[in-house]
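A quick write-up on the structure given underneath.
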Amino acid sequence: MTVPPTIAETLRKHRPDVIIHAAAYADVAGAERDREHCWHTNVVGTRNLVRNAALAGMFVVYISTDYVFSGERGDYREDDTPGPVRNYYALSKLVAEESVRTLPRHLIIRTSFRAAPWPYAVAYSDLYTSQEYLDVVAPEIALAIAHLADVPYETLHIAGPRTSAYELARKTRPDVRAASRAESTVELPADVSLNTSLWRALRRTWRDQ
Ligand SMILES: NC(=O)c1ccc[n+]([C@@H]2O[C@H](COP(=O)([O-])OP(=O)(O)OC[C@H]3O[C@@H](n4cnc5c(N)ncnc54)[C@H](OP(=O)(O)O)[C@@H]3O)[C@@H](O)[C@H]2O)c1
């Protein structure tokens with residue numbers, strides 16, 4: 001992705017109708033220490049991909065994040081104004097979103113997920129998101145991509161119900177220790193829960209067909 005000839009060559013070889021762009025520098029704390037690497041991967045890499053996709057008229061699905069929002073109130077809808085972002089990773093994903101939006105054919109999916117069981121010894125009880133476990137949210141994203149032609153939006157929130165990181169962690173790791181996001185080495189938003197009503201309505205429509 002950060003080597004433009006590789007992208008051009010891969011797209012020429014495989015001629016995909018749709019590119020699912022999930023590649024990223026996704027280490028939120030690491031991004032504060034290594035901003036250059038984060039920017040190069042998330043922004044320059046996305047720009048490279050977008051340029052090649054535009055030339056070939058391809059559809060791009062971009063996997064983005066709830067962190068594009070400030071976290072002051074939660075329940076964010078797709079058309080809510082993003083920012084101000086709380087950390088560098090979030091900044092890079094927001095800028096990358098805007099690059100993807102220059103394409104005539106695109107879908108930005110904002111989500112949040114963790115592998116199960118909860119991979120850390122601690123979880124923040126004052127960090128609210130719509131994070132879900134991967135085995136729940138990945139099939140939902142796959143369903144949206146399978147029905148891409150029937151998605152009448154350019155941005156879509158696909159995630160779980162609002163929960164604290166601690167509540168989510170306890171479901172798969174009962175001995176997890178509750179902590180405060182103030183203990184994190186990187187600034188984290190208080191509540192970036194996503195309003196997923198557009199997605200839930202779409203799913204209902206498809207189920208009823
Ligand atoms: N985890 C979350 O809660 C969350 C929330 C919202 C959105 N997202 C987004 O979801 C996507 C996947 O995240 P994840 O948490 O699963 O992270 P991850 O496990 O670190 O996956 C990132 C992927 O990007 C690839 N990658 C990194 N640099 C690349 C480059 N220069 N060229 C090509 N591929 C590159 C990595 O490949 P290698 O392993 O080979 O380096 C890896 O497969 C990301 O776009 C992330 O921003 C994640």
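Apart from one condition, P82 fits all of (1) in contact (Cβ under 8 Å) with a residue 60 or more places away in the chain; (2) surrounded by fewer than 21 Cβ atoms within 10 Å (Cβ to Cβ); (3) within 14 Å of the ligand (Cβ to nearest atom); (4) more than 22 Å from A201 (Cα to Cα); the exception is (1).
What about P4, is it more than 18 Å from I108 (Cα to Cα), out of contact with any Pro (no Cβ under 8 Å at 6 or more places or on another chain) and not charged (D, E, K, R)? Here the answer is yes, as P4 does meet what is asked.
When restricted to residues that are out of contact with any helix residue (DSSP H, G or I) (no Cβ under 6 Å at 6 or more places or on another chain) and within 20 Å of R110 (Cα to Cα), region 158-186 contains 8. Do the conditions hold for H21, that is, is it within 14 Å of the ligand (Cβ to nearest atom) and touching a strand residue (DSSP E or B) at 6+ places or on another chain (Cβ under 8 Å)? It is true that H21 is within 14 Å of the ligand (Cβ to nearest atom) and touching a strand residue (DSSP E or B) at 6+ places or on another chain (Cβ under 8 Å).
Checked across region 94-106, the condition of being more than 23 Å from A56 (Cα to Cα) and either in contact with a helix residue (DSSP H, G or I) (Cβ under 7 Å, 6 or more places away or on another chain) or buried (at least 16 other Cβ atoms within 10 Å of the Cβ) (or both) holds for at least one residue. Is it the case that some residue within region 107-115 is surrounded by fewer than 21 Cβ atoms within 10 Å (Cβ to Cβ), of a type outside the set (G, A, S), over 16 Å from the mean Cα position of the chain (by Cα) and not in a loop (DSSP other than H, G, I, E, B)? No, region 107-115 contains no residue that is surrounded by fewer than 21 Cβ atoms within 10 Å (Cβ to Cβ), of a type outside the set (G, A, S), over 16 Å from the mean Cα position of the chain (by Cα) and not in a loop (DSSP other than H, G, I, E, B). Scanning region 129-181 for residues that are part of a strand (DSSP E or B), free of Cβ contacts under 8 Å to residues at least 40 places away in the same chain and charged (D, E, K, R) returns a single hit, E132. Pairs meeting the criteria (first residue in region 1-17 and closer than 24 Å to I145 by Cα, second residue in a helix (DSSP H, G or I) and among the basic types (K, R), beta carbons under 7 Å, at least 6 apart or on different chains) are lacking. Go through (1) within 15 Å of the ligand (Cβ to nearest atom); (2) buried (at least 16 other Cβ atoms within 10 Å of the Cβ) for F59 and report which single condition fails. Checking F59 against (1) within 15 Å of the ligand (Cβ to nearest atom); (2) buried (at least 16 other Cβ atoms within 10 Å of the Cβ), the one that fails is (1). Cβ separations smaller than 6 Å between residues 6+ apart or across chains give the following pairs from region 26-44 residues that are within 22 Å of P4 (Cα to Cα) to residues that are assigned to a helix (DSSP H, G or I) and of a type in the set (V, I, T): V43/V95. Among the conditions (1) of a type in the set (A, V, I, L, M); (2) out of contact with any Leu (no Cβ under 9 Å at 6 or more places or on another chain); (3) within 12 Å of the ligand (Cβ to nearest atom), I7 misses just one, which is (2).
FYI, it's all coordinate maths here, none of it is from the lab. Just so it is clear, the structure is predicted and the values come from calculations on it, not from any experiment. Methodologically, a virtual Cβ is constructed for each residue, glycine included, from the backbone with ideal geometry; neighbour enumeration extends over all protein chains shown.
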